[in-house]
Amino acid sequence: MSRAIGIDISHHQGTFTNLSNIDFIFARTSNGTRKDTKFETFLPQVKKTKRRGTYHYYRTNHLHHPMEEQADLVLSMIEGHGMKMFATDYEISDYDDNVLTKKTAIQLYGFMLYMVQNAPELKHLLYTGIYTWRDVLLPLQGEDTEFGVIDWFIFGIWLPRYGWANDSHILELGGIPVLSYYDIWQASATGNNRGEEFGVGSTSVDYNEFNGTPAQMDAWLGDEEIIDPELKYTQAEVDSMLAKQADNYTKACDIKCAVVEKVSWNEAVQEAVRVVEAIQK
């Protein structure tokens, strides 16, 4: 399978010329309540790639970066530019005051719901590390909050994990599975120093892979529907079955694990149906 490959860029790249050798791209709009200084400069080149999206570095200090102000800034910046995807980057770093706690995770969920409500045409993703997923986010799955019952599975998952030659271990820690699927894998923070090859002004650039082919990414984005005549169910129908179980983490995890662990779609569909029927009983 030839996966869709892409990069994500920000002011750190300095310059960007679209060389038409990527399948998708993310450009950073903002950091908290501040615009990325290169977003508008990069935009004409970004728009040359049809599978395009933006991402926002979410700041947890709402005293200095009010939640709705962050969201409204993003919405104003992406309006009218034909974006397909939007990712919220929730992580800790050495240079700001972000803290990853139960409180900020609940607020993150509220922020992401606000973005979904105001930009429903976009594919919304959560960009976060596997440790943050295990220790901060997953324990809140199903909790009733001021923003409703938390369900992280309504968002796509963009997972940064470096140092792997392939994705066979990125969903587990110490051999223990902690996440049942992902949509985009940030495989390298440097792109093996291939910045020039991808048209950026920096040596390093974040390199990403979609968990599927470019055509499958189109289907994921809702641009096309792929139907294999040999399959009893389309991928969209399988996704619909999985979504019905999303209000319960255990059920959702059981089904998604059943799907990703199978080699062929026929096996995956049969196993997913079996699990659904077992749960309904």
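Using θ = phi - 60° and the Karplus curve 6.51 cos²θ - 1.76 cosθ + 1.60, what whole-Hz ³J(HN,Hα) does each residue of segment 176-189 get, with Gly and Pro shown as x?
Running phi through 6.51 cos²θ - 1.76 cosθ + 1.60 with θ = phi - 60° gives 9, x, 10, 8, 8, 6, 8, 9, 10, 10, 7, 7, 8, 8 Hz.
Where does each of 185, 164, 133 land when they are ranked from fewest to most other beta-carbon atoms within 10 angstrom?
Details: 185 23, 164 12, 133 20.
Listing 185, 164, 133 from fewest to most nearby Cβ atoms yields 164, 133, 185.
Through the Karplus equation 6.51 cos²θ - 1.76 cosθ + 1.60, θ set to phi - 60°, convert the phi angles of segment 98-106 into ³J(HN,Hα) values in whole Hz; use x for Gly and Pro.
Values, residue by residue: 5, 10, 10, 9, 4, 5, 6, 5, 5 Hz.
Let me know the charge dipole size of segment 5-226 about its Cα centre in debye, to the nearest 20, where only the beta-carbon of Lys, Arg (+1) and Asp, Glu (-1) is charged.
Charge dipole, segment 5-226, about its Cα centre: 440 debye, nearest 20.
Are there trypsin sites (Lys or Arg not before Pro) in segment 111-161 that DSSP puts in a loop and that have at most 11 other Cβ atoms within 10 Å, and which ones?
none
Under a crude label model (7 Å from the Cα following the beta-carbon direction), how far is residue 144 from residue 176 in nanometres?
So the two model labels end up 2.9 nm from each other.
³J(HN,Hα) across segment 200-214 via Karplus (A = 6.51, B = -1.76, C = 1.60, θ = phi - 60°), whole Hz, x for Gly/Pro?
After applying 6.51 cos²θ - 1.76 cosθ + 1.60, I find 9, x, 9, 5, 9, 7, 5, 10, 10, 10, 7, 7, x, 7, x Hz.
Using amide H atoms built 1.01 Å from N in the peptide plane, name the residues 5+ places from residue 125, or on other chains, whose amide H lies under 5 Å from its own.
The list, which skips near neighbours in sequence, is 86, 87, 88, 156.
From the Cα gyration tensor of segment 5-226, with a ≥ b ≥ c the square roots of its eigenvalues, which class applies: rounded if a/c is under 1.5, or else prolate if a/b is larger than b/c, or else oblate?
Since a/c stays below 1.5, the shape of segment 5-226 is classed as rounded.
Computed from the coordinates by the stated procedures, all read-outs in this text should not be read as laboratory data. A quick note: this is a predicted structure, and the numbers were derived from the prediction, not measured. In this analysis, Cβ positions are derived from the backbone assuming ideal geometry, glycine residues included, and neighbour counts consider all displayed protein chains.
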